[in-house]
Structures are given as C-alpha cells and as structure tokens.
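Scroll down for the structure; my scribbles are underneath it.
The values are calculated or read from the model by the stated rules, or taken from the named source; none is laboratory data. Since the model is a prediction, treat every value here as computed from it, not as a measurement. Methodologically, a virtual Cβ is constructed for each residue, glycine included, from the backbone with ideal geometry; neighbour enumeration extends over all protein chains shown. SASA here: full protein model, heavy atoms, side chains in, ligands and nucleic acids out. Shrake-Rupley method; radii C 1.70, N 1.55, O 1.52, S 1.80 Å.
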Amino acid sequence: MSIQSVGLKAYTNALSNFAKTEKAIRSSTLQKPDAGAPSPFADTLKDSLAKVNDLQQEKKAMIASFASGEQQNVHELMISLQKAGLAMNMTTAVRNKALEAYKELARMQF
C-alpha cells in the first residue's frame, strides 16, 4: 500500500514539474507583445508620417509667407514644394504597395 502511494506521489511530482517547465518555456519563447509597448515598425511608421506632415506644414507656411510678400526667395519656395510633393508621392507609393501585399495575402489559400 505504501509503495503505490510513493509511486503515485513521484508520478504527480514529475507531472507537475513537467507542466511548470513547459509553461516556463512557452512563456519565454512565445511571449505576446505588450499592447502598451509599440513595435519598432510602428515607431518608424509614425516618425515617417510625422516628417511628411512637417514638410506639408512647412510648405503651407512658405506659400503663405510668399503670397503675403514677406519672403521674396522663389528658389526656397520651389524647393520646399518639391520636397513636400516628393514626400507625399513616396508615402502614397508605400501605402499602395502595402495594400497590394495585404490583398495578395488575403487571396492566398492556406
């Protein structure tokens, strides 16, 4: 009778140790990203969009100052217009490529 209880106790201890080890391995290798912690991709995307927005705001300010006669330098105005336009074109191209990739993934059959 005592042999069976010792064997059962050893079995349950081994099973609980195995479960603890498996849980520790899963938590260390398959950690889910925190909802509060932004990913590096999200940070890069936000920074890029902020830069594009800054260029657009600078363009608007330069146009307003040129139209009011405060600034007479046409070259700086044209450079800021080209920078803002190019940044917007590149942002649109990246967005379009991302949408195409998403659509292609949606069409794939698993």
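Tabulated data
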item: Flag if Glu70 is more than 21 Å from Val94 (Cβ to Cβ) and either touching a Pro at 6+ places or on another chain (Cβ under 6 Å) or at pLDDT 65 or above (or both); result: yes
item: Near pairs, Cβ below 6 angstrom, 6+ apart or cross-chain, from region 36-60 (among the acidic types (Asp, Glu)) to any residue that is assigned to a helix (DSSP H, G or I) and modelled with pLDDT of 95 or more; result: none
item: Matching option when the condition is open to solvent by 100 Å² or more (accessible area, probe 1.4 Å) and either at pLDDT 90 or above or in a helix (DSSP H, G or I) (or both), among Lys32, Lys23, Lys59; result: Lys23
item: Candidate set: region 35-56, residues that are open to solvent by less than 70 Å² (accessible area, probe 1.4 Å) and among the hydroxyl-bearing types (Ser, Thr, Tyr); chosen: the one modelled with the lowest pLDDT; result: Ser39
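Residue-wise test of (1) within 14 Å of Ser48 (Cα to Cα); (2) among the basic types (Lys, Arg); (3) outside any helix (DSSP H, G or I).
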{"site": "Glu70", "(1), (2), (3)": "no, no, yes"}
{"site": "His75", "(1), (2), (3)": "no, no, no"}
{"site": "Ile79", "(1), (2), (3)": "no, no, no"}
{"site": "Gln82", "(1), (2), (3)": "no, no, no"}
{"site": "Gly85", "(1), (2), (3)": "no, no, no"}
{"site": "Met88", "(1), (2), (3)": "yes, no, no"}
{"site": "Thr91", "(1), (2), (3)": "yes, no, no"}
{"site": "Leu99", "(1), (2), (3)": "no, no, no"}
{"site": "Lys103", "(1), (2), (3)": "no, yes, no"}
